[in-house]
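See below for the structure under consideration.
Any read-out appearing in this document is the output of simple, stated calculations on the displayed coordinates, not a laboratory observation. Quantities reported herein were computed from a predicted structural model and do not represent experimental measurements. Glycine also receives a Cβ, built like all others from the backbone with ideal geometry; neighbour counts cover every protein chain displayed.
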């Protein structure tokens, strides 16, 4: 919101307060200042001159020699402008003057003719092109009337003071006006507020002669429609003071009638529109929803197609304007307009916002309506327009009005407890000061000793509850004046949960084992199930589908981390990375029931993956090492032949007390084909939440053995189908307390062993913590183990 400082001062007495102080204090009271723009922008030694004579240049067809009276002397100035005439009053930059762009004017010659200055355009005076009326943008700026010759152009064009740019929050549409910001300044500095006059000196005739009725078909979308009529309209340029106010506020002057409606919109905050009454058929206005596909040509010449959610202003037969956005081209005010209907209405903010968005059309009017305006402003604004038309003598106001106001908006009543003010703000404010502050905002206050009954004006829809009133009191008192207080509360030290700490420990340990951590998307492509060769009926295919996916590749939530890991491994392999070991601890998402309704179960899993200098046993070692780190012992590995993603002979389930906590193994060759890679890849996926539950943080320490051990080697011939773990189980089950270690060091099949047999060799270590064992003691135990092996699995010593 651009607020010209001199315009603001018309409504509030700010004597003794400079622009910088004004901006600073308004910022501290809650009206954030974005910037301060100085209007003159460095214009120096530019005066008003009158063209007395224009002669052609003797040596240049496109140049003219002007004799210009600047008060104390007549200057000769050569110009290339073609829009100047004798008796025009124009801005003249004297020799030695400086313009906003840094240009310094010197005495010079143009094609042999001396020139003592320069005639100025609006651009050369630093006036932005986008706010200059169309006729004034090309060539020299022709002043609107006679001025004192030699008068400083800054005084003539009011190129003085500053423009303050405010950032207005969406909840304060009342501040999107000069009067609204004047009210803020009045409250901030405790100065009197002067309201603009809406008094009409003379009204004639009756509005019934021109308009019969206002019909509102959609009362939810149109809160109020107020209309006045003005006849004998004279379309001409607006006076310079009005043009300058508009231009400094960022609005281009058009003609006096349009300028007055824009002026009042900026002044009071209520958008208005003027229709040429001769284009209104049937002597009535109808506010209705548009039809699907209905079209209207707006003031900017664009043909716009509407839908049935948009609101139109119509007469008996045709549409006249898009409500709250822009008028129609056919009914605009033109040079031959004689009688106008002034529209001042209140529209539903959501309707205007959605219409503006759909049409890609945002105007000064829509930017105000979409934030929610007070419909009670409609009458005030319309009468203010009529008062200015009277003041400028550009029309005669017709007596009466047409006002359709289905449901009048009443002031809101709220209570304010002074004790609550002190409780929330932390400072003691005198009740009289509270009352004074609220009254500065046009609020009516009734003092009831322990509380204040406050009537809030309808234009302050942001003030509803007691805390809103406390905020008003606080910001005018000055939040910066409230001293910071120590917070005296019981504060508990925060920290990570045990589960999060366990995740951190696991990550650190895996990095210590030489793995790199990866992070992948939680959503995957359904094609991943096929690439991992999951059968059609696999439970892993039952996944959560995303309603608004980024694309097919990210359309379902993962039920396993294996496919994500394979994507990472295959990408690295294709880029010639020789050795990769990676891990990820992340969630998988399991639907609740067959209907998949409600939030899914989130289970935290640990996934390992790699290729290169690895094999099945190295990955088994990594897993055993990690689980041992968490105090989980007594693990068992069972062959898994039915998981289609893994090699059927090189895959195992990981068990603890008959609970499956994960799977590991070599990736199936056909899966590798799906990912376009070759070689041997290894994957493992474990339920980390189960690992956390099984973890034993207590470490058991044993005394270093004092006595020597005795080692014995045995080589057994057994059936090929017998697994090593079964042999070791027999050994441990039949050993007494002295057996401390069983190590497999050789597995042999060959010419010296029958085809259906294999040789397995172990090193057995015996030790006592109390004494030195004798050969006889060890021999008894050793023989018992051999006998048990022969009886249980038909093992023969080799």
Practice problem: State the Cα centre-to-centre distance between the range 675-732 and the range 394-425 in whole Å. | Solution: 82 Å
Quiz item: For the chain, what is the relative contact order in percent, using Cα pairs closer than 8 Å and at least 6 residues apart in sequence?
Solution: 8 percent
Self-check item: Per-residue [θ]222 nm for the chain (sum of -39500 (n - 2.57) over DSSP H runs n ≥ 4, rounded to 500)
Solution: -7500 deg cm²/dmol
Quiz item: Based on the Kirkwood radius over alpha-carbon pairs, what is the Stokes-Einstein translational diffusion coefficient of the range 448-514 at 25 °C with 0.890 mPa s viscosity, in µm²/s?
Solution: 136 µm²/s
Practice problem: Return the percentage of antiparallel bridges among DSSP beta bridges fully within the chain, rounded to the nearest 5 %. | Solution: 95 percent
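Hey, what D do you get for the range 498-694 in µm²/s if you plug the Kirkwood alpha-carbon radius into Stokes-Einstein at 20 °C and 1.002 mPa s?
Once the numbers are plugged in, D ends up at 124 µm²/s.
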Practice problem: Return the tail of the calculated pair distribution for the range 152-258, meaning the percent of Cα-Cα pairs more than 25 Å apart. | Solution: 49 percent
Practice problem: Please report the base-10 log of the normalised intensity I(q)/I(0) for the range 497-566, using a Debye sum with one equal scatterer per alpha carbon and no solvent, at each q in 0.16, 0.17, 0.24 (1/Å). | Solution: -0.70, -0.76, -0.99
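Could you give the semi-axes, largest first, of the ellipsoid that matches the range 667-724, computed as the square roots of 5 times the alpha carbon gyration tensor eigenvalues and rounded to whole Å?
Largest first, the range 667-724 gives 39, 27, 12 Å.
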Quiz item: Kirkwood Rh over Cα pairs of the chain into Stokes-Einstein at 37 °C, 0.692 mPa s: D in µm²/s?
Solution: 91 µm²/s
Practice problem: On a 0 to 90° scale, report how tilted helix 178-189 is relative to the longest principal axis of the chain, with both axes built from alpha carbons and the result rounded to the nearest 10. | Solution: 80 degrees
Quiz prompt | Convex hull (Cα only) mean projected area of the range 451-571, reported in nm² to one decimal | solution = 17.9 nm²
Quiz item: Taking Cα centroids, how far is the range 309-381 from the range 754-781 in Å?
Solution: 100 Å
Quiz item: Can you give the Kirkwood hydrodynamic radius of the range 34-161 from its Cα pairs, in Å with one decimal?
Solution: 14.9 Å
Quiz item: When the gyration tensor of the range 130-182 is built from Cα positions, what are the square roots of 5 times its three eigenvalues, in whole Å, from largest to smallest?
Solution: 32, 16, 9
Practice problem: Write down the Å³ per residue value for the convex hull defined by the alpha carbon atoms of the range 259-397. | Solution: 103 Å³
Quiz item: In degrees, nearest 10, range 0 to 90: what is the angle between the Cα axis of helix 775-793 and the longest Cα principal axis of the chain?
Solution: 70 degrees
Quiz item: If you take the Cα Rg of the range 412-481 and divide it by 2.2 N^0.38 Å, with N the number of residues, what do you get?
Solution: 0.99
Self-check item: DSSP-defined beta bridges in the range 203-404 - what % are antiparallel, rounded to 5
Solution: 85 percent
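What list do you get for 27, 355, 700 if you sort them by fewest beta carbons within 10 Å?
Listed from fewest to most nearby Cβ atoms, that is 700, 27, 355.
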Quiz item: How big is the Rg/Rh ratio for the range 710-797, C-alpha atoms only, Rh by Kirkwood, two decimals?
Solution: 1.00
Quiz item: Against the longest alpha carbon principal axis of the chain, how many degrees, from 0 to 90 and to the nearest 10, is the axis of helix 431-440 turned?
Solution: 60 degrees
Self-check item: Mean-position separation - Cα centroids, the range 43-61 and the range 538-600, in angstrom
Solution: 79 Å
